[in-house]
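The values are calculated or read from the model by the stated rules, or taken from the named source; none is laboratory data. All values reported here derive from a predicted model rather than from experimental measurement. Cβ: placed from backbone, ideal geometry, glycine included. Neighbour counts: every protein chain shown.
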Amino acid sequence: MSSAESKILKLRKELEDHNYRYYVLDDPVVSDAEWDTLFSELQALEEASPNLVTPDSPTQRVGAEPLPAFGSITHRIPMLSLQNGMNEAELRAFDERMQKHLETNSVEYAAEPKLDGVAVELVYEKGQFVSGSTRGNGEVGEDITQNLKTIRGVPLKLRGDAEDCPSLLEVRGEVFIAKNDFEELNASQESSGGQSFANPRNAAAGSLRQLNSAITALRPLSIYCYQPGVTEGASFETQSDFLEAIRKWGLPVNPESAVVRGSAEMLTYHTGMGKKRERLPYEIDGTVFKVNSLNQQDVLGIRSRTPRWAIAGKFEAQQATTVVESIAASLGRTGAVTPVANLKAVVVGGVTVTHATLHNQDEIDRKDIRIGDTVLIQRAGDVIPKVISVIKDKRKKNAKKYRLPDTCPECSHPVHRPEGEAVARCQNLSCPAQVKRRIQHFVSKNAMDIEGMGEKLVDQLVETGLVSTIDTLYDLTQEQLSELERMADKSADNIISAIEASKQTEFHRFVYALGIRNVGEHAAKLFEDEFSGSMQSFMSADFETLEAMDEIGPIVADTVVTFWADKQNRSVVASCFDHGVSLKVPDNKSSGALDGKRFVFTGTLETMTRAEAKRKVENLGGRVSGSVSKNTDFVVAGPGAGNKRKKAETLGITVLTEKEFEDMIA
Ligand code: IVH
């Protein structure tokens, strides 16, 4: 074995072990950053020896070509659903039925939380992950193998020696997004101009249905496995044995799973979960009870779509009526101005509720919610309670309509609601309620890329008042930093150097860093091209000019114009330049040999990495994009190229081999 090869094997093993500790044991021993370092090391080694890449390498979790459509997979055993137990009486009745059928007076159950996500099936052959699918109609699902591979909790191969692994293992489980990951995802969707998701379930479902697995890879998906499909070469006596076995093989199993006996213990588990629900890091909508003995399950059998041996215990609807005492505007982290109802305190599902979100003005108008109204409210899991409807019979004569103010509740700057959008936002760069988030975004990797400036440090800087707007970052001194808690002199030095180094940047990075709503990296690059890297021209561009640009629509144009209409925003930006921020005029943009040419790479490149190829094109004034359109000039296709190549051919776009591409740039 070459030394590269043994190094690669060792790194893979280490990464797998860390994944197992993190996703299965919930006991990580390295930080995310350390994990990333190991991963990059492996990536570099594999890039140097592509012949050593195997499909189960952790690097292979991303990078498949986008699909034209999902294929279908027929489940060997149909994926069933569950009968519902809507209340305690129904759970008790279920236990009685089980006793009667099984002719016993005490039945044991595997009790599990009912996750609110998307059901999937994973198939392992001889320990290797070979395919995965959605539930679909229960008989046939969609082939989402590539997307499932991007989920780090899904092992690409089972742990343990080959002899210990079943020759075939099908497991079913739930893909979901944890509550805090969901918040982060939505915040980053918003700040990069993407659409935000209504709830974690929708976000998980949408992410799994991406034809481009590279997008799925960016979504924080998790999985818990909970049910066997066909298994060969391993057998289990009970559901709880099954869960224990798959956990040893490296598949994540919900740690809240338990074994209970009889209806009294079922109800204790169920109410206990109901109470714990808020504190769980993911959303659940009930509990599941399965007759634990697989033999007994066989005896009970299935009805048309649901097994007789299992039931979902639903949490009772958490609704109540109360009175809207007043309505106030509140400012979210993304600058959204949201109306919030102050309610007469009421207990809903064991929790005292005093506020409910009214979302936006349209929602208030649609439901005709007035101050003084009696309303029906609902609390769903961890989500902020909302007003479902007004009880009109109880409306008092003096009930008062409400209109959101047109200034920010925190900084009094005018708020802006783009045509066609439901939400009004404060776009003031200096708005105190948004400062942490704005600065975190400003310093982030794809923005100003200030190394060593993590979220915690930004929080500290804002909380101590050292930083209040982006330009004040440039006033920081080594002394100020080293006085902060947990900050060594050396680190303070490094941060000051990193801030200094970051000042030499590019137009598109700086514009993206400003966090103008709807202006993501791509739009920032379009502006860089349009205004040839001149900030002056960008700042004074009018609506018509912006809207006339390719790929820029009226909403973005409008947002940009209002952003620059704010005097304070202009002065913060000017101050950045006064502090030495300087924007490189994009390289060779007007003199490169590939000036303005658009390239798409597809398939495997053999003599260079994608990143190198991209750099080469950009150095010559060209641009690289991810998808083929009529604006593409060249498609460089290596082995394994599929749809992009086909699309190029139908559009009559020149397709180059890697060799031809090299000749061209030479
Ligand atoms: S078992 C035959 N276990 O609930 C058993 N399902 O209504 C079928 N679900 O499609 C599934 N948590 O998406 C099972 N611990 C759990 C579950 C669970 C959530 C979902 C799953 C399924 C639906 C059935």
Considering only residues that are more than 16 Å from the ligand (Cβ to nearest atom) and either closer than 24 Å to LYS290 by Cα or surrounded by fewer than 18 Cβ atoms within 10 Å (Cβ to Cβ) (or both), which ones fall in segment 68-86? PRO68, ALA69, GLY71, SER72, THR74
Can you tell me how many residues in segment 304-328 are within 14 Å of the ligand (Cβ to nearest atom) and in contact (Cβ under 8 Å) with a residue 12 or more places away in the chain? 11
Scan GLY286, GLY274 and give me the residue that is over 27 Å from PRO155 (Cβ atoms), within 30 Å of the chain's Cα centre (by Cα) and crowded, with 22+ Cβ neighbours inside 10 Å. GLY286
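Residues are listed down the side, and each one gets a yes or a no for (1) of a type in the set (A, V, I, L, M); (2) under 30 Å from GLU90 (Cα atoms):
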residue: ARG279; (1), (2): no, yes
residue: GLU283; (1), (2): no, yes
residue: LYS290; (1), (2): no, yes
residue: ASP298; (1), (2): no, yes
residue: ALA320; (1), (2): yes, yes
residue: ILE327; (1), (2): yes, no
residue: VAL346; (1), (2): yes, yes
residue: THR352; (1), (2): no, yes
residue: THR374; (1), (2): no, no
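Just checking: which of the helices (runs of 4 or more DSSP H) contained wholly in segment 566-666 hold 2 or more residues that are within 30 Å of THR472 (Cα to Cα)?
Values: elements: 567-578, 610-619, 643-651, 658-665.
In segment 566-666, 567-578 are the helices (runs of 4 or more DSSP H) which contain 2 or more residues that are within 30 Å of THR472 (Cα to Cα).
With respect to VAL581, is the statement that it is modelled with pLDDT of 85 or more and among the aliphatic types (A, V, I, L, M) true? Break it down into steps so the answer makes sense when it comes.
Details: modelled with pLDDT of 85 or more: yes; among the aliphatic types (A, V, I, L, M): yes.
So VAL581 passes the test.
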Hey, any hits in segment 370-381 for a residue that's out of contact with any helix residue (DSSP H, G or I) (no Cβ under 7 Å at 6 or more places or on another chain), modelled with pLDDT of 95 or more and on the phi > 0 side of the Ramachandran plot? yes
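Does GLY313 satisfy the criteria of being under 26 Å from GLY138 (Cα atoms), surrounded by 20 or more Cβ atoms within 10 Å (Cβ to Cβ) and touching a Ser or Thr at 6+ places or on another chain (Cβ under 6 Å)? Explain how you work it out, then say what you get.
Details: under 26 Å from GLY138 (Cα atoms): yes; surrounded by 20 or more Cβ atoms within 10 Å (Cβ to Cβ): yes; touching a Ser or Thr at 6+ places or on another chain (Cβ under 6 Å): yes.
Here the answer is yes, as GLY313 does meet what is asked.
Tell me the helices (runs of 4 or more DSSP H) entirely within segment 474-518 that contain at least 2 residues that are β-branched (Val, Ile, Thr). Explain how you work it out, then say what you get.
On the way: elements: 478-482, 489-502, 507-513.
Qualifying helices (runs of 4 or more DSSP H): 489-502.
Let me confirm something: among THR505, THR559, which residue is of a type in the set (S, T, N, Q), more than 22 Å from ASP449 (Cβ to Cβ) and surrounded by 15 or more Cβ atoms within 10 Å (Cβ to Cβ)? Give the steps one after another, and end with the answer.
On the way: THR505 fails: more than 22 Å from ASP449 (Cβ to Cβ).
Just one listed residue meets the conditions, THR559.
Please note which strands (runs of 3 or more DSSP E) are completely contained in segment 104-151 and include at least 1 residues that are more than 28 Å from GLY262 (Cα to Cα). Reasoning before the result, please.
On the way: elements: 108-115, 118-125, 128-134, 140-142.
Result: 118-125, 128-134, 140-142.
Out of all the residues in segment 436-459, which are over 21 Å from ALA524 (Cα atoms) and crowded, with 20+ Cβ neighbours inside 10 Å?
The first filter runs over segment 436-459 and keeps only residues over 21 Å from ALA524 (Cα atoms), leaving 436, 451-459.
The answer is MET453, LEU457, VAL458.
State whether one or more residues within segment 12-25 are in a helix (DSSP H, G or I) and over 25 Å from ASP161 (Cβ atoms). Explain how you work it out, then say what you get.
So the first thing to find is which residues in segment 12-25 are in a helix (DSSP H, G or I), and the list is 12-24.
Cutting the leftovers down to over 25 Å from ASP161 (Cβ atoms) gives us none.
Within segment 12-25 (the criterion being in a helix (DSSP H, G or I) and over 25 Å from ASP161 (Cβ atoms)), the answer is no, since none of the residues qualifies.
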Residue list for segment 148-184, restricted to those being more than 20 Å from TYR22 (Cα to Cα) and either of a type in the set (S, T, N, Q) or away from the ligand (no atom under 15 Å from the Cβ) (or both): ASP161, ALA162, GLU163, ASP164, CYS165, PRO166, SER167, LEU168, LEU169, GLU183
Which pairs turn up if I take residues in segment 566-585 that are surrounded by 14 or more Cβ atoms within 10 Å (Cβ to Cβ) and look for partners that are basic (Lys, Arg) with beta carbon separation below 9 Å, at least 6 apart in sequence or on another chain? CYS576/LYS503; HIS579/LYS503; VAL581/LYS503; LEU583/ARG509
Tell me yes or no: at least one residue of segment 15-34 is among the charged types (D, E, K, R), crowded, with 16+ Cβ neighbours inside 10 Å and farther than 30 Å from SER627 by Cβ. yes
Quick check on my filter: what residues within segment 283-298 are within 12 Å of the ligand (Cβ to nearest atom), assigned to a strand (DSSP E or B) and polar (S, T, N, Q)? THR287
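If you check PRO50 against the conditions, is it surrounded by 15 or more Cβ atoms within 10 Å (Cβ to Cβ), within 30 Å of GLN210 (Cα to Cα) and either within 16 Å of the ligand (Cβ to nearest atom) or touching a residue at least 24 places away in the same chain (Cβ under 8 Å) (or both)? Write out each step before concluding.
Numbers: surrounded by 15 or more Cβ atoms within 10 Å (Cβ to Cβ): no; within 30 Å of GLN210 (Cα to Cα): yes; either within 16 Å of the ligand (Cβ to nearest atom) or touching a residue at least 24 places away in the same chain (Cβ under 8 Å) (or both): yes.
For PRO50, the condition - surrounded by 15 or more Cβ atoms within 10 Å (Cβ to Cβ), within 30 Å of GLN210 (Cα to Cα) and either within 16 Å of the ligand (Cβ to nearest atom) or touching a residue at least 24 places away in the same chain (Cβ under 8 Å) (or both) - is not met.
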Residue in segment 209-225 that is surrounded by the fewest Cβ atoms within 10 Å (Cβ to Cβ), counting only those that are under 15 Å from THR134 (Cβ atoms) and away from the ligand (no atom under 16 Å from the Cβ): LEU211
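Which one of ALA611, ALA593 is free of Cβ contacts under 8 Å to residues at least 40 places away in the same chain and at negative phi? So that I can check it myself, show each step before the final result.
On the way: ALA593 fails: free of Cβ contacts under 8 Å to residues at least 40 places away in the same chain.
Unique residue meeting the criteria: ALA611.
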Search result, residues across segment 258-277 that are out of contact with any Ser or Thr (no Cβ under 9 Å at 6 or more places or on another chain), hydrophobic (A, V, I, L, M, F, W, C) and in contact (Cβ under 8 Å) with a residue 24 or more places away in the chain: LEU267
Quick one: what pairs do we get from segment 100-116, first residue away from the ligand (no atom under 16 Å from the Cβ), second among the hydrophobic types (A, V, I, L, M, F, W, C) and part of a helix (DSSP H, G or I), C-beta under 9 Å, 6+ apart or different chains? HIS101/VAL299; HIS101/LEU300; LEU102/VAL299; LEU102/LEU300; THR104/MET98; VAL107/MET98
Counting only residues that are touching a Leu at 6+ places or on another chain (Cβ under 6 Å) and of a type in the set (Gly, Ala, Ser), which one in segment 122-145 is farthest from the ligand (Cβ to nearest atom)? GLY127
Yes or no: PRO228 at pLDDT 95 or above, farther than 25 Å from ASP32 by Cβ and either part of a strand (DSSP E or B) or more than 11 Å from the ligand (Cβ to nearest atom) (or both)? yes
